[in-house]
């Protein structure tokens, strides 16, 4: 199954009246896929399925058991994973904008919303990673990541972002640059996630360091403090 065909099948399934109101559309789904593939931790298929299908999870049986539906979302995930790994993933191809654009389209906003919701499934892992990195003096990575998520949040609800911004006209004019920067940031986050995952797996597979047991001293042996006294009469007892 090719990628475009898979997207069409999924779009029809997700847009069905039988789905829950909070079910993802195809753009939210693609954003969610990018988020879980750009995490140093593991997100189960079941957890992601519940996120995509919404609280009532209408259609969960089809999601996993219908061969066509399952093949479609697996194809989308595999294709996206390969595109991210080969650094040819770009939002520009999916949501092309004009140079004069001053706001994101509905589809791009939904993509960012899906990414942010799926990020919540991976947030705990990211927090643990950044806490360990902070102990080594790497604070800027966490700050950069938060900046990317902040940009996505703005693109998800552009009107609210303009309302809160002190210079909304500047934000409007900066939209094309913000969009271009987002592509670069997504690629960087994916590379970081892969690196951190490799480091974590290597540390888990490292053999335990051999620790020699301390020599046992009998009750009538010499005390290890070198006082010359017997152990039972010395400082350690």
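What FRET efficiency, computed as 1/(1 + (r/R0)^6) with R0 = 30 Å and r the Cβ-Cβ distance, is obtained for residue 85 and residue 131, rounded to the nearest 0.05? List each step's numbers first, then the result.
On the way: r = 27 Å, r/R0 = 0.89.
After rounding, the FRET efficiency stands at 0.65.
What is the Å³ per residue value for the convex hull set by the Cα atoms of segment 3-199?
Looking at segment 3-199, the number lands at 129 Å³ per residue.
Binning at 5 Å from 0, report for segment 90-137 what percent of all alpha-carbon pair distances ends up in each bin.
Histogram of Cα-Cα distances, whole percents per bin: 5, 17, 17, 15, 11, 12, 11, 10, 2.
Taking every pair of distinct Cα atoms and averaging 1/r, then inverting, what Kirkwood hydrodynamic radius in Å comes out for segment 89-205?
On the way: mean 1/r = 0.0639 Å⁻¹.
Kirkwood radius, segment 89-205: 15.7 Å.
Along the Cα→Cβ direction, 7 angstrom out, place labels at residue 102 and residue 56. What is the inter-label distance in nm?
4.0
Test of understanding: what is the full-extension gain from residue 64 to residue 123, defined as 0.36 nm times their sequence separation minus their Cα-Cα distance?
Values: separation 59, 0.36 × 59 = 21.24 nm, distance 2.51 nm.
Here the segment from residue 64 to residue 123 would lengthen by 18.7 nm.
None of the figures in this text is laboratory data; all of them are computed from the coordinates on show. Keep in mind that this is a model prediction, so the values were computed, not measured. Cβ: placed from backbone, ideal geometry, glycine included. Neighbour counts: every protein chain shown.
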